[in-house]
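What follows is a set of notes on a single structure, which appears directly below.
The values are calculated or read from the model by the stated rules, or taken from the named source; none is laboratory data. As the structure is a prediction and not an experimental result, all values here were calculated from the model. Counting neighbours? That spans all protein chains shown, and the Cβs are built from the backbone with ideal geometry, glycine included.
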Amino acid sequence: MSVNPAASTDEERLAELGYQQELHRRLSGFSNFAVSFSIISILAGAITSYSIAMTAGGPFAITIGWLLVGIMVTLVALAMAEICSAYPTAGALYWWTAALAKRNKAAWAWFVGWFNFLGEVAVTAAIDFGAAITTSAFLSLTFGMTVTTGKTFLIFLVIIVVHGLLNTFGVNLVRLLSDVSAWWHLVGVAIIVCVLAIVPDQHKPISEVFFEVKNATGFSFAGAGLYAVLIGLLMAQYTYTGYDASAHVAEETHDASRAAPRGIVMSVVVSVIAGFVLLFAITWSIQDYDAELGSVTKLPPAQIFIDAAGRHTGEFLLFICMVAQWFCGMASVTANSRMSYAFARDGALPGSRIWKQVNTRTGTPTNSIWLCVAISIILVLPSLWNTTAYLAATSIAVIGLYIAYVAPVLLRRLNPDFRPGPWNLGRWSPIVGWLSIVWVVVICVLFVLPTAGPITAANFNYTIVAVAVVVGAAAIWWFASARKWFTGPRQNLIEKAAHGEQTMPTE
């Protein structure tokens, strides 16, 4: 594989990497940033998973935890962005892995690809299930709907099918909605923060906003408070997922070797700052901690909005969050389908011939879009009987994605022949890379641990089971068959030339 990032145009660089331009390259640098920023979505992840940190760790995990995790995630994003600049392809993480591995390239690409696929599907499932939770809370407040697990699941189905349809219509619609989404998030956060700062008659003491620790996990052993804080970091770590989307849409972005890495890093940095301000404002506005944690809306921030700002103003703030989450889920399906398309393009998914097809009219991988929708629905099914299903989906997303995020970073550190692209870290690259690797090892252990006690079938954290099933299936398939034919990323220019097909770049 070529590692020379000196091509003068996006299409030429893509050709050097072995691919013909097939997807429509219509995204600007801002649109590339907007896709990742929309998937991170502080108005989605931080709102829908707020109860995780309220239960485990309390205000300390919410505010200080957000900053701690944000700093470490920024390092991961920087390390990923440097590699993205050298290899701006839709295959992204698993493609980088194959390019950087000195030995067993195909095996590295295979397993990282499957971790990435698992994480992408899980984060799509978690985002849209979270959107369903918020929508259910909004309908409960405005129309008196009784929130049940069955109704929430049905709302989830509607949301994810709509997102599949929107992505099917073409990249122009995705670009427009992503741009609107970025501004909706920024303006929405500003409105929520201003209202919560001005309207409430009283606020929580600042010292408690930063340093109060709560433990409602059910665990009471020595050190249970610290354990709860560590588990509560899942709120922030889950929210900071999906920024690899900037890399997955690189083949649809102008000046991809610079715009895509900038999109990765800036989406995280802006989210760290805006998210901290948002979480501070919400936590500062808590009126009755226990009552709001146990709200009948099943969404504590919704109750906090109402108690702090009044019924109708609270509903308006929740509406802002609900719309943002719909945008977030749409962008997640976009990134998920591009990764699946690229993985299928290289023959790594069952039925790859179907999933790698690109709709010539819309320039979108339509079949991959609906594959991702279908698998996300399967992942959320346990919510009908398991009370920690949402938490498990977030943990699966974090572990699957971050293993895929950091594997190419590890290989880049071990590969002395890596040639940086135009966007790089210079002398800071080694320390940023190694700190990123250590952090991912820590969180992968942390988020498979029990989250509620005493442990029962209803609250069992099935993250380890889901991860084990996918990794086990990928391993069995690899040793039984795939190692004999999977060679890693397939350069479609070579394949098309071998078949005498036209290889002129498309728009």
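Only one residue in Thr394, Thr387 is over 24 Å from Ala473 (Cα atoms) and out of contact with any strand residue (DSSP E or B) (no Cβ under 9 Å at 6 or more places or on another chain). Which one?
Working: Thr394 fails: over 24 Å from Ala473 (Cα atoms).
The conditions single out Thr387.
Which ones in the stretch 339-371 are hydrophobic (A, V, I, L, M, F, W, C) and out of contact with any Asp or Glu (no Cβ under 7 Å at 6 or more places or on another chain)?
First, the residues of the stretch 339-371 that are hydrophobic (A, V, I, L, M, F, W, C): 339, 342-344, 348-349, 354-355, 358, 369-371.
Once the filter is applied, which keeps residues that are hydrophobic (A, V, I, L, M, F, W, C) and out of contact with any Asp or Glu (no Cβ under 7 Å at 6 or more places or on another chain), the stretch 339-371 yields Ala342, Phe343, Ala344, Ala348, Leu349, Ile354, Trp355, Ile369, Trp370, Leu371.
Name the residues in the stretch 296-309 that are over 15 Å from Cys194 (Cβ atoms) and in contact (Cβ under 8 Å) with a residue 40 or more places away in the chain, would you? Before the answer, list the steps.
As a first pass, look at the stretch 296-309 and keep what is over 15 Å from Cys194 (Cβ atoms): 296-304, 306-307.
Once the filter is applied, which keeps residues that are over 15 Å from Cys194 (Cβ atoms) and in contact (Cβ under 8 Å) with a residue 40 or more places away in the chain, the stretch 296-309 yields Val296, Thr297, Lys298, Leu299, Pro300, Pro301, Ala302, Ile306.
What single numbered condition from (1) in a helix (DSSP H, G or I); (2) free of Cβ contacts under 8 Å to residues at least 12 places away in the same chain fails to hold for Phe30?
(2)
Quick test for you: out of Asn104, Asn116, pick the one residue that is buried (at least 24 other Cβ atoms within 10 Å of the Cβ) and either under 17 Å from Leu410 (Cβ atoms) or touching a Pro at 6+ places or on another chain (Cβ under 8 Å) (or both).
Working: Asn104 fails: buried (at least 24 other Cβ atoms within 10 Å of the Cβ).
That would be Asn116, the only listed residue that is buried (at least 24 other Cβ atoms within 10 Å of the Cβ) and either under 17 Å from Leu410 (Cβ atoms) or touching a Pro at 6+ places or on another chain (Cβ under 8 Å) (or both).
Please go through the stretch 198-219 and pick out each residue that is in contact (Cβ under 8 Å) with a residue 12 or more places away in the chain and assigned to a loop (DSSP other than H, G, I, E, B). Even if it seems obvious, please write down each step before you answer.
At the first step, the residues of the stretch 198-219 found to be in contact (Cβ under 8 Å) with a residue 12 or more places away in the chain are 199-200, 202-204, 206, 208-219.
Val199, Pro200, Gln202, His203, Lys204, Glu212, Val213, Ala216, Thr217, Gly218, Phe219 - these are the residues of the stretch 198-219 that are in contact (Cβ under 8 Å) with a residue 12 or more places away in the chain and assigned to a loop (DSSP other than H, G, I, E, B).
What do you reckon, is Val158 farther than 19 Å from Ser36 by Cα, in a helix (DSSP H, G or I) and more than 16 Å from the chain's Cα centre (by Cα)?
In short, yes.
Looking at the stretch 407-430 only, could you name the residues that are in contact with a Phe, Trp or Tyr (Cβ under 8 Å, 6 or more places away or on another chain) and of a type in the set (A, V, I, L, M)?
Residues satisfying the conditions are Ala407, Leu411.
Out of (1) outside any loop (DSSP other than H, G, I, E, B); (2) of a type outside the set (S, T, N, Q); (3) on the phi > 0 side of the Ramachandran plot, what's the single condition that is false for Ala259?
All conditions pass for Ala259, except number (3).
Taking only the stretch 248-277 into account, find how many residues are of a type in the set (A, V, I, L, M, F, W, C) and closer than 17 Å to Cys328 by Cα.
So in the stretch 248-277, the residues of a type in the set (A, V, I, L, M, F, W, C) come out as 249-250, 256, 259-260, 264-266, 268-270, 272-274, 276-277.
Add one more test, that the residue is closer than 17 Å to Cys328 by Cα, and what stays is 249, 264, 266, 268, 270, 272, 274.
Final tally of qualifying residues: 7.
Please identify the pairs in which a residue from the stretch 169-195 that is more than 16 Å from Leu318 (Cβ to Cβ) and assigned to a helix (DSSP H, G or I) has its Cβ atom under 7 Å from the Cβ atom of a residue that is at pLDDT below 85 and among the polar types (S, T, N, Q), counting only partners at least 6 apart or on another chain.
Listed pairs, sorted by first residue: Val171/Thr364.
Please specify each residue of the stretch 291-310 satisfying the condition of being farther than 26 Å from Phe153 by Cα and of a type outside the set (A, V, I, L, M, F, W, C).
Restricting attention to the stretch 291-310, the residues satisfying the condition of being farther than 26 Å from Phe153 by Cα are 307-310.
Matches in the stretch 291-310: Asp307, Gly310.
Filtering the stretch 476-488 down to residues that are free of Cβ contacts under 8 Å to residues at least 60 places away in the same chain and surrounded by fewer than 16 Cβ atoms within 10 Å (Cβ to Cβ), which residue is nearest to the chain's Cα centre (by Cα)? I'd like the intermediate steps shown before the answer.
Step one: list which residues in the stretch 476-488 are free of Cβ contacts under 8 Å to residues at least 60 places away in the same chain, which gives 476-477, 479-481, 484.
Filter once more, keeping what is surrounded by fewer than 16 Cβ atoms within 10 Å (Cβ to Cβ): 476, 479-481, 484.
Values: Ile476: 27, Phe479: 30, Ala480: 31, Ser481: 31, Lys484: 32 Å.
Once the filter is applied, the top-ranked residue is Ile476.
Residues of the stretch 443-458 being in contact with a helix residue (DSSP H, G or I) (Cβ under 9 Å, 6 or more places away or on another chain) and not small (Gly, Ala, Ser), which ones?
Listed by number, the residues that qualify are Ile443, Cys444, Leu446, Phe447, Val448, Leu449, Pro450, Thr451.
Answer yes if at least one residue in the stretch 288-295 is touching a strand residue (DSSP E or B) at 6+ places or on another chain (Cβ under 8 Å) and either within 26 Å of Val213 (Cβ to Cβ) or buried (at least 24 other Cβ atoms within 10 Å of the Cβ) (or both), and no otherwise. Working first, answer last.
Restricting attention to the stretch 288-295, the residues satisfying the condition of being touching a strand residue (DSSP E or B) at 6+ places or on another chain (Cβ under 8 Å) are 289.
If we keep only those that are either within 26 Å of Val213 (Cβ to Cβ) or buried (at least 24 other Cβ atoms within 10 Å of the Cβ) (or both) as well, we get 289.
Within the stretch 288-295, one or more residues are touching a strand residue (DSSP E or B) at 6+ places or on another chain (Cβ under 8 Å) and either within 26 Å of Val213 (Cβ to Cβ) or buried (at least 24 other Cβ atoms within 10 Å of the Cβ) (or both).
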